[in-house]
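Below you'll find the structure, written out as structure tokens, and then a few comments.
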Amino acid sequence: MNAQEYMDKHEDSVYAEIFAKMSARIGLQLKDIQLVKTGKTWEWPFYRYEWTEEEEADFKKWLIEYIYKHRKKLGCVYSKTIITSIVVPMFLLNYSWRYKEEKNDKK
């Protein structure tokens, strides 16, 4: 099952937009991302794709503002400080792409 199909069936549009934005940061659409079947559930393939620390930091800034703007729809009653220091870091811990390995050209 691809991520777009899953989002269409199971998730609110706010969550779909978050994952779509995260996927776009690495040049993919949700329909391009195949979820991983584990037993009866589907898991996000965070380890299959990569981005730089800078790309993640830029996404993090966007995500903080997005969650804060849509906090009522998300059922989030937290302040921007809590969103910044706890909610977004936990999201990234669970769903962020892995970091690209730096190429060491020095010999």
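Structural remarks
- DSSP-assigned coil residues among trypsin sites (Lys or Arg not before Pro) in the stretch 1-71, each with at most 12 further Cβ atoms within 10 Å: K40, R48
- Low-density loop cleavage sites - GluC sites (Glu not before Pro) in the stretch 34-107, where at most 11 other Cβ are within 10 Å (DSSP): E101, E102
- Rg ratio for the stretch 3-99: its Cα radius of gyration over 2.2 N^0.38 Å, N being its residue count, equals 1.07.
- For the residue pairs K37/K100; K31/K72; K61/K100; K21/K60; K31/K73, alpha carbon separations beyond 22 Å are given by K37/K100; K31/K72; K31/K73.
- Dipole-positive endmost among L35, P45, H70 within the stretch 3-99 (Cβ charges, Cα centre): H70
- Annotation: extensible slack from A57 through V14 equals 13.5 nm (criterion: 0.36 nm per residue apart, minus Cα-Cα distance).
- Relative contact order (%) - the stretch 3-99, alpha-carbon pairs under 8 angstrom, separation at least six: 28
- Where chymotrypsin sites (Phe, Trp or Tyr not before Pro) fall in DSSP loop in the stretch 1-100, at most 10 other Cβ within 10 Å: Y47
Since every read-out is calculated from the coordinates, none of them should be taken as a lab result. Everything quoted here is computed from the prediction, not taken from an experiment. Neighbour counts run over all protein chains shown; Cβ positions are idealised from the backbone, glycine included.
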